[in-house]
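Report on one structure; see the data block that follows.
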Amino acid sequence: MKPHEYLTKGLLLPELDLISVGIISVSSRIIITKKQRCGAVCPKCASLSSVLYDKRTVSLNDQPIQGKRIVLKVIKQRYFCKPCKRPFTEPLPGVLPRRRTTQRFRTQIYWACENFTDLKRVCKAYRCSPGFVYKAYYEQLSLRARKHNLYPFSSHIGIDEHSFKRKNGLSPHKFVTMIVDHNKKKLRDVALGKTSAELQEQLAKIPGRENVKLVTLDLSDSYKSFVKGFFPNAEIIADRFHVQRLMNPILHNARMEITGDKRKNPVRFLLSKNRSNLQHYERSALDTWLNHHEKINEIYQFKEALVRFYRTRGIKPAEIYFQKLIDQLALTENPHLKTFRRTLIRWRNEILNFFKYRLTNARVEGFNNVAKVIKRRAYGFRSFENYKLRLLNACS
Ligand SMILES: [Zn+2]
């Protein structure tokens, strides 16, 4: 192959011959081409026809070359199909029927949407309307998502929810539930709503429910009942971060009764941090403060006990520690700690499962953060379907 032939082949679509190149304006070029082969297959009856009927010229928007807009003029032949008794236009590889843009141009738009900061820049760089960018981008996303739907559930999954739309007028606050595949480290599916009925309806299409062995959850009762009904062989693991976090509101509400303010008090930081991460002088300052406030001291000791509980290794020591914690909590007078004890008892097996399998919901929480960024970048979503496509693409 000669060098110029090699270049033309790289720049043009397959099966096209270059006729001429022209300049439309400073920033636009035109390439006139023709299809190589004579004869084409009828799209209706699939019989080969080489009876020429007439010619048509179509203009296609192709991907820019060195920042210049490229208009591809293709002289297309129309053939007459004898069995069907009607003419048809020859198809062009790389361009879908009735399209005025090449597929590679649309893939480039997809790339730009993923990498540019906003839609305006994409429109400017590719000289197309926001409507076209929107259409091309979501078309590419749904093509990618189609591959996603085929494979069944894996053995380890994680479930969590995040907010989709705030309450607005009469429409209620909407939530989105994410199902994360821990084995493949990506988002498996997204469902609108967080009730058991909504999830069952939307996830029923995915095969392989019985494959699921472990499910990580935050401490949500609706998800617990959903998992028990939907995945027959699954064991639930309560996420350790959510269990530890239960102590924070109890601790800080008790502190605010004394210190009054909300965030700026230095005691707040000392109380929130793990004791083992504190400097020795911080520790002694905190101890002096706690000695004056018996009520907080009690809560703080339980918070630290919970930290030590999660440091234990193996299911047997964890069971013993857990029982000890429950027994100690039974002696307290604090109503919030009593509620906390009841929660621990209700989730006993799920909490202890963590020590058997050592799996957390961290990946799901990470994807929640990605979801937040996507919502911000798009300035919010109206359509849940579009949001789902964006999420599936970003978290896979
Ligand atoms: Zn035909």
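The values are calculated or read from the model by the stated rules, or taken from the named source; none is laboratory data. Nothing here was measured: the structure is a model prediction, and the numbers come from that model. Note that each Cβ is placed from the backbone with ideal geometry, even for glycine, and that neighbours are counted across all protein chains shown. Ligands, DNA and RNA are stripped out before the accessible areas are found, and what is left, the full protein with its side chains, is counted by its heavy atoms. Shrake-Rupley method; radii C 1.70, N 1.55, O 1.52, S 1.80 Å.
Points worth noting:
- The ellipsoid that matches the Cα gyration tensor of the stretch 238-396 has semi-axes, each √(5λ) in whole angstrom, of 33, 23, 15, with the longest given first.
- For the chain, the square roots a ≥ b ≥ c of the C-alpha gyration tensor eigenvalues yield an a/c of 1.5 or more together with a/b exceeding b/c, which makes the shape prolate.
- Computed from label points 7 Å out along Cα-Cβ, the spacing between residue 343 and residue 233 is 3.3 nm.
- Taking the Cα centre of the stretch 241-357 as reference, the dipole from Cβ charges on Lys and Arg (+1) and Asp and Glu (-1) amounts to some 460 debye.
- Among the listed pairs 174/303; 35/388; 264/295; 184/224; 185/316, those with a Cα-Cα distance over 28 Å are 174/303; 35/388; 185/316.
- Between the C-alpha center of the stretch 271-342 and that of the stretch 136-159 there is a gap of 43 Å.
- Charge dipole of the chain (Cα centre as origin; +1 on each Lys and Arg Cβ, -1 on each Asp and Glu Cβ, all else neutral): 1900 debye, rounded to the nearest 20.
- Portion, in percent, of the accessible area of the chain that falls on carbon or sulfur, probe 1.4 Å: 54
- What the Cβ-Cβ distance of residue 316 and residue 1 gives, at R0 = 56 Å and to the nearest 0.05, is a FRET efficiency of 0.20.
- Taken one residue at a time, the phi angles of the stretch 360-375 give Karplus couplings (6.51, -1.76, 1.60, θ = phi - 60°) of 10, 8, 4, 4, 5, 5, x, 5, 4, 5, 4, 4, 4, 5, 4, 4 Hz. Gly and Pro are set to x.
- Contact order, relative form, for the stretch 241-357: 27 percent (alpha carbon pairs under 8 Å, 6 or more residues apart, mean separation divided by residue count).
- Where labels lie 7 Å past Cα in the beta-carbon direction, separation of residue 332 and residue 118 in nm: 4.9
- Remark on residue 76: its backbone amide H falls under 5 Å from those of 56, 57, 58, a criterion applied only to residues 5 or more positions apart or on other chains, H modelled at 1.01 Å from N.
- Rounded to the nearest 5, the antiparallel percentage of DSSP beta bridges internal to the chain is 75%.
- Converting phi to 3J(HN,Hα) with the Karplus coefficients 6.51, -1.76 and 1.60 and the offset θ = phi - 60°, the stretch 265-279 yields 5, x, 4, 4, 5, 5, 5, 6, 5, 5, 4, 5, 8, 7, 6 Hz in sequence order, with x at every glycine or proline.
- The trypsin sites (Lys or Arg not before Pro) of the stretch 130-178 meeting both criteria, a DSSP state outside H, G, I, E and B (loop) and at most 15 other C-beta atoms within 10 angstrom of the site's C-beta, are 166, 167.
- For the stretch 209-221, backbone phi angles converted through the Karplus equation (6.51, -1.76, 1.60; θ = phi - 60°) give residue-by-residue couplings of 4, 6, 5, 5, 9, 10, 10, 9, 9, 7, 7, 10, 5 Hz, Gly and Pro being listed as x.
- Solitary cysteines of the chain, where the nearest other Cys Cβ is not under 4.7 Å: 38, 45, 113, 123, 128, 395
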